[in-house]
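Comments concern the structure below.
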4 protein chains.
Amino acid sequence: MTTTGPRRRQARTNGSARDPERTRRRILEAATAEFARHGLGGARIDRIAGRAGANKRMLYYYFGDKEQLFLAALETRYAHIRAAEHALDLAHLEPRAALERLVRFTWDYCLAHPEFITLLNSENLHKGRHLRRSRRVQAMHSPLVGMLREVLRRGERSGAFREGIDPVQLYISIAGEGYFYLSNRYTLGRIFGRDLMSRRALGARLRHMSEFVLSAVRK
Amino acid sequence: MTTTGPRRRQARTNGSARDPERTRRRILEAATAEFARHGLGGARIDRIAGRAGANKRMLYYYFGDKEQLFLAALETRYAHIRAAEHALDLAHLEPRAALERLVRFTWDYCLAHPEFITLLNSENLHKGRHLRRSRRVQAMHSPLVGMLREVLRRGERSGAFREGIDPVQLYISIAGEGYFYLSNRYTLGRIFGRDLMSRRALGARLRHMSEFVLSAVRK
Amino acid sequence: MTTTGPRRRQARTNGSARDPERTRRRILEAATAEFARHGLGGARIDRIAGRAGANKRMLYYYFGDKEQLFLAALETRYAHIRAAEHALDLAHLEPRAALERLVRFTWDYCLAHPEFITLLNSENLHKGRHLRRSRRVQAMHSPLVGMLREVLRRGERSGAFREGIDPVQLYISIAGEGYFYLSNRYTLGRIFGRDLMSRRALGARLRHMSEFVLSAVRK
Amino acid sequence: MTTTGPRRRQARTNGSARDPERTRRRILEAATAEFARHGLGGARIDRIAGRAGANKRMLYYYFGDKEQLFLAALETRYAHIRAAEHALDLAHLEPRAALERLVRFTWDYCLAHPEFITLLNSENLHKGRHLRRSRRVQAMHSPLVGMLREVLRRGERSGAFREGIDPVQLYISIAGEGYFYLSNRYTLGRIFGRDLMSRRALGARLRHMSEFVLSAVRK
DNA sequence: GATGAATGAGGGTTCATTCAT
DNA sequence: GATGAATGAACCCTCATTCAT
């Protein structure tokens with residue numbers, strides 16, 4: 001994306017001047033981090049600009065206003081996870097292995113991209129009003145449900161899975177297993193008096209989830 | 001909501017003046033609703049005072065500041081759900097029935113008290129820093145884990161449940177089933193192009209969750 | 001209006017603290033001056049607050065926002081001129097003297113209150129959108145038209161005035177004579193290469209207007 | 001109107017690129033409209049550039065800054081009305097007909113060019129500080145006063161007009177008749193509860209003005 | 001226990017203007 | 001002659017909070 005070629009004649013302090021694509025990207029990254037950490041209401045335009053090394057005015061130049069910037073951050077994260085999902089080739093795996101892989105994927109993705117969780121929570125706090133206006137996200141259908149349906153069908157045929165499982169319900173159950181644990185880790189950790197984020201705890205959770213899901217679907 | 005000008009002298013309409021306990025309660029209720037709807041960062045002291053029919057100064061008189069008010073709201077909701085949990089007498093139910101009851105309880109509670117979800121999400125967004133300071137919540141141990149442990153033990157003995165299930169992991173799984181669905185209903189609804197909150201959809205989810213959990217634990 | 005009594009215990013820097021009526025009035029006066037000098041768009045909230053010796057927040061506390069403050073200034077000036085008009089007792093004057101008095105009144109008022117002219121011009125620049133929402137101004141009917149109608153009738157009967165003159169048209173003509181001269185004094189002065197505001201020029205204009213109007217209505 | 005993001009490369013649609021004279025003229029026209037509608041303080045450079053289909057930078061290239069652009073707009077309008085005035089050949093008309101024609105001309109011009117009124121009001125709000133620096137306007141002497149002087153002289157000699165009328169005062173009176181009515185139409189309309197801009201009302205005003213002026217000057 | 005008035009810092013946003021190309 | 005990107009000051013307004021009574 002970044003033209004490191006002849007466009008930038010001289011170094012600038014922020015390194016982004018006169019490189020619009022880069023400026024835009026830096027703002028978006030800074031915004032994502034800020035929104036993820038403080039939520040939509042708690043995010044500060046000043047901090048975003050500061051972290052991006054950009055003039056505050058540029059946020060409005062590129063994104064219109066705070067809410068549109070939030071939407072852009074959301075859309076970008078959605079595009080990112082969708083791209084990752086596409087790489088998940090469940091179709092060529094044995095049904096049980098496919099489910100295990102999906103459990104692990106959701107878990108790993110949430111662990112690696114905690115900002116995704118808080119962005120989604122923010123959007124849901126605002127009743128999804130940004131996403132509703134998004135055209136990009138509308139077009140980004142998750143391939144997971146289709147893949148999951150196919151996996152379920154194969155599992156049913158082979159006698160490995162019980163029948164009548166709705167792929168959307170299953171997807172929500174699988175995602176919820178990891179998402180809820182990580183999203184609510186502070187309150188859960190406090191209540192149970194446990195450190196939910198130790199390496200050991202994380203490993204135990206992944207094992208539990210795999211067993212739980214695989215047990216749940218077996219015939 | 002913002003006071004645009006000096007209030008005309010008006011008769012006390014909230015009927016709470018000179019009834020300190022009631023004033024306090026009204027403020028707390030208004031704060032809970034406000035925090036639940038807008039999050040900690042988006043909540044407005046003015047709106048809370050307005051809805052409570054109280055003078056803004058009273059918020060500070062009773063609760064110190066915004067964050068302490070937030071904590072008070074959180075604590076109150078925790079006390080509420082703890083009280084409800086205590087009424088859940090899983091010990092006298094057959095193990096499978098006990099689990100089904102727990103699934104239903106979590107689901108019904110989240111449905112009936114959506115503010116609990118958003119309060120928890122807010123607290124987790126802030127890394128649980130309010131709850132960490134709370135003494136009240138620390139003392140409010142949920143009876144659920146203990147009850148769950150006992151149920152699991154009985155189920156194992158009777159041969160109904162498989163062995164080695166950790167009650168905390170199971171509790172998180174059960175809670176997550178309903179919580180994630182409801183907490184993320186706007187984004188999930190948008191992605192799947194479904195109305196997740198129709199009476200039918202809610203019924204289907206409850207059925208799925210019960211089956212899913214019971215299948216997951218069976219031997 | 002101002003309670004100089006026991007309400008203010010100690011002197012404050014701005015002298016207006018804890019004297020809401022006075023604070024409000026000072027803001028309104030400062031706003032009137034600012035709007036008159038710079039127009040609605042050019043007026044600065046900071047300057048108004050500064051001149052009023054008040055905190056900026058107080059403008060919003062008392063008046064809501066800039067536009068409502070503008071309307072309040074407008075309404076106050078209207079109330080002021082209406083009060084002055086009421087004192088004009090044209091009914092007891094001989095018709096010609098009555099008209100002369102009206103010419104002089106309009107002239108003197110515009111001279112003494114140049115802010116009225118620029119406020120009106122601002123409001124007209126904005127197509128009267130503030131006044132349209134005003135309830136106070138709607139209720140402040142100018143007594144002038146009625147008085148003028150009566151004067152015209154008496155003049156017609158006595159044979160001093162020609163017939164068929166509409167009092168509203170006449171009022172606009174009379175007001176316009178002085179208003180236009182003063183409102184446009186800078187451009188007119190420049191074009192004609194004359195100082196329109198010298199004592200001599202002002203005297204000449206008043207004489208011209210009186211003669212002009214009286215000649216225009218005579219039989 | 002604000003550019004929310006980098007313009008996508010688009011085909012030149014305004015057809016003015018590389019046609020400097022046309023670009024300049026389009027900017028000037030857009031600026032005139034903008035200043036007329038919003039005043040100097042309320043005018044926005046962005047909107048002007050947008051309406052002109054020109055790059056913002058061009059405004060500065062051609063006109064220096066906002067104030068000089070305002071002056072240019074003002075000068076252009078002055079040049080325009082001066083040109084129209086030159087076409088008014090009062091010298092060959094009978095004195096009364098000449099005055100009537102002048103009344104009508106002022107009225108028609110203000111009606112056809114409402115932007116002239118608001119530009120003048122803006123300039124007067126700013127105490128004529130732009131016009132003062134203008135060399136062009138200084139050179140544009142209105143022929144009206146001279147023509148008016150001659151008309152008055154002829155009228156006096158023929159016994160149609162009374163003596164001692166100053167042509168400048170008369171001009172201001174005539175111009176004010178129409179200007180004030182139109183300039184203040186929103187506030188006057190509101191106060192009198194009349195639609196001053198209906199076809200009927202406009203006709204009535206023109207008739208009144210003609211009669212009023214002609215009566216005022218007659219012997 | 002309760003009130004209306006007051007505060008100052010900072011919120012998001014927009015301004016006229018200039019830079020590099 | 002023309003462009004998109006960038007700037008920093010200042011805009012109006014709102015925030016949580018505290019004062020005096």
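The values are calculated or read from the model by the stated rules, or taken from the named source; none is laboratory data. Keep in mind that what you see is a predicted model, and the values were worked out from it rather than measured. Here the Cβ is made from the backbone with ideal geometry for all residues, glycine too, and neighbour counts use every protein chain on show.
Sort out which residues of the stretch B:155-170 are of a type outside the set (A, V, I, L, M, F, W, C), touching a Phe, Trp or Tyr at 6+ places or on another chain (Cβ under 9 Å) and either at the interface with chain A (Cβ under 10 Å from one of its Cβ atoms) or surrounded by fewer than 17 Cβ atoms within 10 Å (Cβ to Cβ) (or both), and write them in order of number.
Within the stretch B:155-170, just B:Gln169 meets the criteria.
I'm told C:Arg132 meets every condition in (1) modelled with pLDDT of 95 or more; (2) in a helix (DSSP H, G or I) except one. Can you identify the failing condition by its number?
Only one criterion in (1) modelled with pLDDT of 95 or more; (2) in a helix (DSSP H, G or I) is unmet by C:Arg132, namely (1).
Restricting to the stretch B:108-141, and then to whatever is among the basic types (Lys, Arg) and free of Cβ contacts under 8 Å to residues at least 24 places away in the same chain, can you tell me which residue is farthest from the other protein chains (Cβ to nearest Cβ)?
For the stretch B:108-141, the residue satisfying everything is B:Arg135.
Any residue in the stretch A:44-70 that is on the phi > 0 side of the Ramachandran plot sitting within a Cβ distance under 8 Å of a residue that is of a type in the set (Lys, Arg)? List the pairs, counting only those 6 or more apart or interchain.
A:Gly53/A:Arg26
Go through the stretch C:47-81 residue by residue and tally those that are within 9 Å of DNA strand E (Cβ to nearest atom) and not hydrophobic (A, V, I, L, M, F, W, C).
The qualifying residues number 7.
Need the failing condition index for B:Ile191 against (1) under 23 Å from A:Pro143 (Cβ atoms); (2) within 7 Å of chain A (Cβ to nearest Cβ); (3) in contact with a helix residue (DSSP H, G or I) (Cβ under 7 Å, 6 or more places away or on another chain), just the number.
(3)
Can you name the helices (runs of 4 or more DSSP H) wholly within the stretch B:1-105 that have at least 3 residues being among the aliphatic types (A, V, I, L, M) and at pLDDT 90 or above?
Fully inside the stretch B:1-105 and qualifying: B:20-42, B:45-52, B:66-87.
Count, please, the residues in the stretch B:187-218 that happen to be farther than 22 Å from A:Val213 by Cβ and either free of Cβ contacts under 8 Å to residues at least 12 places away in the same chain or among the small types (Gly, Ala, Ser) (or both).
Result for the stretch B:187-218: 8.
Restricting attention to the stretch A:37-50, and to residues there that are surrounded by 17 or more Cβ atoms within 10 Å (Cβ to Cβ) and more than 9 Å from chain B (Cβ to nearest Cβ), which single residue is nearest to A:His113 (Cα to Cα)?
Of everything passing the filter in the stretch A:37-50, A:Ile48 is nearest to A:His113 (Cα to Cα).
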